[in-house]
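Following: one structure in structure tokens, then a few remarks.
Please treat every number below as a calculation from the coordinates, not as lab data. Computed from a prediction, not measured in an experiment: that's the story for all the values here. Counting neighbours? That spans all protein chains shown, and the Cβs are built from the backbone with ideal geometry, glycine included.
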Amino acid sequence: MYEVKEGKLVLKYGIIKQGLIAVASGKGGVGKSTVTVNLALALQQLGHQVGIIDADIHGFSIPRIIGLKDKPMVYNEKEIVPPAEKGIKVMSIGSFVQEADPVIWRAPLLMGVLQQFMEDVHWEELDYLLLDLPPGTGDMALNIMQRLPHTQMLVVTTPQITATQVAGRIAKVAEKLDAELLGVIENMSFYQCPHCAQREYIFGQGGGKKLAAQLKTELLGELPLLPAIREGGDAGNPLVLSLPDSEATAVYLDIAGKIRGRVKEFDSAIKPIVLKEEPEK
Ligand SMILES: Nc1ncnc2c1ncn2[C@@H]1O[C@H](COP(=O)(O)OP(=O)(O)O)[C@@H](O)[C@H]1O
Ligand SMILES: [Mg+2]
Ligand SMILES: [Zn+2]
């Protein structure tokens, strides 16, 4: 699928120089996909080339959030040129089906698609490839991580999700796969009144911090609950670009800087698993 050379992931049609980062969450609806897109744009603002793989096959939403207009181009039967939106290269199942269509993927087929996204896509030069995982810590997320043992994991949570609910399972996934934990991002941490700037902790306080402590990692940042984030997500106009001078964008840039400082060099002693069986057609 790829090989590690001089601390970089060398793909068939590309190279990942800094990090392959899986964005995970204990459950759906915490803003994982929104965070993935805005973080990609924040890393780009810091001068990096970034790609996103939307691996949330049932709930793919990256194309809508980033406002993806173009389709991938396929040639020679197999080679794929990924569309880019706002400078971010994106591969999503959403490019191949309509958002309203139910997608019923059996695991082997899904794995085949993801392998194809790594193998057959002309990513060219990337610093970071972000992977929006399916929500939860079930088999699907585990399977994906297993195939890509060089991923480092970023966990998105909200304050009200009790750390103990998800920490154990995430820690187990990370441990089982020997995946590096980059840290925790708390989303929807508070609502800031636009009139008096007072912060309301609608979903309580401290969930992200607790989760980070239990996972023995760092809380990388706390993002506000902001109508503009939801509106931007619906309209394909992400916050980091629509409100570049906002406090929330500053938090994203800060998180991006921390991630840049925390990613570990790819380890050539670890070998990626390659699917042998033909994916079901
Ligand atoms: N910080 C935020 N403030 C306001 N709305 C948000 C925020 N983060 C996410 N949302 C909204 O919450 C909903 C779920 O976000 P999404 O990124 O799709 O979650 P997930 O990928 O975890 O299922 C979307 O409507 C999104 O626009
Ligand atoms: Mg999502
Ligand atoms: Zn107020």
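If both residues of a DSSP beta bridge must be in the chain, then about 30% of such bridges are antiparallel. In the chain, with Lys and Arg counted as +1 and Asp and Glu as -1 at Cβ, which of these residues, ILE202, LEU215, PRO238, has the Cα nearest the positive end of the dipole, that is, farthest along it? Farthest towards the positive end: LEU215. Scalar couplings 3J(HN,Hα) for segment 182-198, obtained by applying the Karplus form with A = 6.51, B = -1.76, C = 1.60 to θ = phi - 60°, are 7, x, 10, 10, 9, 10, 6, 5, 7, 10, 9, 4, x, 8, 10, 6, 6 Hz; x denotes Gly and Pro.
Most exposed first by the Cβ proxy, i.e. fewest other Cβ within 10 Å, how do ASP139, ASP56 rank? Mind showing how you got there, number by number?
Numbers: ASP139 11, ASP56 26.
Fewest-to-most Cβ neighbours within 10 Å comes out as ASP139, ASP56.
Dividing the convex hull volume of the alpha-carbon atoms in segment 190-264 by its residue count gives 116 Å³ per residue.
For segment 112-234, the fraction of alpha-carbon pairs lying more than 26 Å apart is 33 percent, rounded to a whole number. Span-like helix check, the chain: qualifying full DSSP H segments, with Cα axial length of 15 Å or more and mean Kyte-Doolittle of -1.0 or more, are 32-45, 107-119, 163-177, 247-262.
When the alpha carbon gyration tensor of the chain is reduced to an equivalent ellipsoid, the three semi-axes, largest first, read 29, 21, 18 Å. Summing +1 for each Lys or Arg and -1 for each Asp or Glu, what net charge is found among the other residues whose Cβ lies under 14 Å from the Cβ of GLY207? Neighbour charge sum, excluding GLY207 itself: +1.
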